[in-house]
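To start, the structure under review is shown below, and the notes come after it.
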Amino acid sequence: MTWPTLLVAGFLLGLAHGAHCAGMCGVFALHARRRFVVYALGKTCTYMLLGAFAGATGAALHVLAHPMVPVLGVAVGVGLVLGGWRLGWGRGPSTGGPAWIRGLTRAVGDLTRKDLPGGPFTLGALTGALPCGAVALAVLQAALAGDAVRGAGLAGAFGLGTLPALGAVALVAGPVKARLSAHQLRAVAGGLVMIAGLSTVVRAGMPWVTGTGGCCS
């Protein structure tokens, strides 16, 4: 995968999950609205660290089990398609989840009422590590990027893609209301995720179609 393709793929994945990110982390972005850029930087840095780790791990696995890389790519793509369908036309993202996730989310929420060392940057870095299905999908994509640098780049682009929705919440939460209904927003987001998933399946499965084997990158 070329660098422009990799960055665009990561950005579109983040953009598609913007509504979900706004719902999950909007309260934190709203708290840091006066220094939103610093908050966003902390959040994106966490994504890049996760992406770098995933990219390095994926590269190591590629060396050890080269034939399994297309299989992993197809599996990730299918997961994206199913996740997109669930997001757009299923029940949508759960607002509950296991008790430990709810507790962790509340604990981070408590931090917004305290003075943190590093301020908004620390808050962004911490919330970037919250358990999140969208971030998990981005990390899986980063694992297919080929190395730590590419993985960090894809995850960073994902983080940038989530910022428009978070920025809208942080800067103009009151007056800005989406003209589309919640159902329509979910359908659009789900469709974009499904497109990303289909693209991943095609890219990962291409070695099988061409008979070249090897990596999907």
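The values are calculated or read from the model by the stated rules, or taken from the named source; none is laboratory data. Given the structure is predicted, the values throughout are model-derived calculations rather than measurements. Methodologically, a virtual Cβ is constructed for each residue, glycine included, from the backbone with ideal geometry; neighbour enumeration extends over all protein chains shown.
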Exercise. On the given criteria, is ALA155 modelled with pLDDT under 80 and in contact with a helix residue (DSSP H, G or I) (Cβ under 6 Å, 6 or more places away or on another chain)?
Worked result: no
Counting only residues in segment 2-26 that are touching a helix residue (DSSP H, G or I) at 6+ places or on another chain (Cβ under 8 Å) and surrounded by fewer than 18 Cβ atoms within 10 Å (Cβ to Cβ), the one nearest to LEU166 (Cα to Cα) is identified as GLY26
ARG150 fails exactly one of (1) at pLDDT 70 or above; (2) surrounded by fewer than 16 Cβ atoms within 10 Å (Cβ to Cβ), namely (2)
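In segment 141-160, which residues are under 17 Å from LEU41 (Cβ atoms) and more than 8 Å from the chain's Cα centre (by Cα)? Working first, answer last.
Taking segment 141-160 first, the residues under 17 Å from LEU41 (Cβ atoms) are 152-153, 155-160.
Of everything in segment 141-160, those that are under 17 Å from LEU41 (Cβ atoms) and more than 8 Å from the chain's Cα centre (by Cα) turn out to be ALA152, GLY153, GLY156, ALA157, LEU160.
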Expected single match for within 28 Å of TRP85 (Cα to Cα) and not aromatic (Phe, Trp, Tyr) among VAL8, VAL37 is VAL8
All conditions in (1) modelled with pLDDT of 95 or more; (2) closer than 23 Å to ARG203 by Cα are true of ALA54 except (1)
Contact list, first residue from segment 83-95 and farther than 13 Å from LEU137 by Cβ, second anywhere and at pLDDT 75 or above and part of a helix (DSSP H, G or I), beta-carbon distance below 8 Å, six or more apart or interchain, is TRP85/MET194; GLY88/ALA187; GLY88/GLY191; GLY88/MET194; TRP89/ALA187; GLY92/ARG86
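Please enumerate the residues belonging to segment 120-140 that are at pLDDT 85 or above and within 9 Å of the chain's Cα centre (by Cα).
Of segment 120-140, the ones at pLDDT 85 or above are 120-129, 135, 138-139.
VAL135, ALA138, VAL139 - these are the residues of segment 120-140 that are at pLDDT 85 or above and within 9 Å of the chain's Cα centre (by Cα).
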>> Yes or no: segment 100-110 includes at least one residue that is over 12 Å from MET48 (Cβ atoms), out of contact with any strand residue (DSSP E or B) (no Cβ under 8 Å at 6 or more places or on another chain), of a type outside the set (Phe, Trp, Tyr) and at pLDDT 85 or above.
In response: no
